[in-house]
1. Charges on Cβ only, +1 for Lys and Arg, -1 for Asp and Glu, centred on the Cα centroid of the chain; of L61, H23, A33, which one is farthest towards the dipole's positive end?
2. Using only Cα atoms, find the angle between the long axis of helix 91-104 and the longest principal axis of the chain, and express it within 0 to 90 degrees, rounded to the nearest 10.
3. Taking the Cα centre as origin and putting +1 on Lys and Arg beta-carbons and -1 on Asp and Glu beta-carbons, what dipole magnitude results for the chain, to the nearest 20 debye?
4. What list of ³J(HN,Hα) values in whole Hz, one per residue of the stretch 8-13 in order, does the Karplus curve 6.51 cos²θ - 1.76 cosθ + 1.60 (θ = phi - 60°) give from phi, with Gly and Pro shown as x?
5. As a check on your grasp of the helix formula, calculate [θ] at 222 nm for the chain: sum -39500 (n - 2.57) over DSSP H runs of n ≥ 4, divide by the residue count, round to the nearest 500.
6. Can you give the local net charge around A36? Use residues other than it whose beta-carbon is closer than 15 angstrom to its beta-carbon, Lys and Arg +1, Asp and Glu -1.
7. Please report Y82, Y3 as a ranked list, fewest other C-beta atoms within 10 angstrom at the top and most at the bottom.
8. Convert each backbone phi in the stretch 74-87 into a coupling constant with the Karplus relation 6.51 cos²θ - 1.76 cosθ + 1.60 (shift: θ = phi - 60°), then list the ³J(HN,Hα) values in order as whole Hz, x for Gly and Pro.
Amino acid sequence: MKYKPGTHIIATLHSANQPLLSHYGPVQHCLNALVAQFSLQKLGEVYHDFPTGGYTAVICLSESHISLHTWPEHDMVNLDIYLSNFQRNNDGTVEQLFTQLVEFFHASVHQKQILVR
């Protein structure tokens with residue numbers, strides 16, 4: 001079978017929306033909705049709130065992963081989305097996930113890298 005590269009987006013966002021950066025509850029609902037919307041296959045997930053604020057969220061997918069880390073004290077979100085194209089072309093899906101997460105956080109994009117893997 002021929003390998004078909006997938007798109008990997010790594011980005012830093014800026015958001016002044018402190019409630020969305022401080023605790024993972026709202027983003028967990030958003031990510032679950034996005035996984036369902038794009039028919040992705042979730043294999044596992046970890047969410048962790050840090051005692052001083054901010055959180056880590058990682059979703060392991062059969063297609064690869066979505067992860068993010070927040071720093072409310074810096075109004076910052078680091079985002080990592082990678083979907084392989086093994087069974088279907090997910091390039092557009094990666095871009096749509098990214099766009100919807102930027103909108104969810106009411107964020108501006110500080111830095112964005114797109115890798116074809």
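Computed from the coordinates by the stated procedures, all read-outs in this text should not be read as laboratory data. None of the values given here were measured: they were computed from a predicted structure. Don't worry about glycine lacking a Cβ; one is built from the backbone with ideal geometry, like all the others, and counts go over all protein chains shown.
1. It is L61.
2. With rounding to tens, the tilt is 10 degrees.
3. Roughly 500 debye, rounded to the nearest 20.
4. 10, 10, 10, 8, 10, 10
5. That calculation yields -8000 deg cm²/dmol at 222 nm.
6. Once positives and negatives cancel, what remains is -1.
7. Ascending Cβ contact count within 10 Å gives the list Y3, Y82.
8. 10, 6, 10, 10, 9, 10, 9, 10, 9, 10, 6, 10, 4, 9
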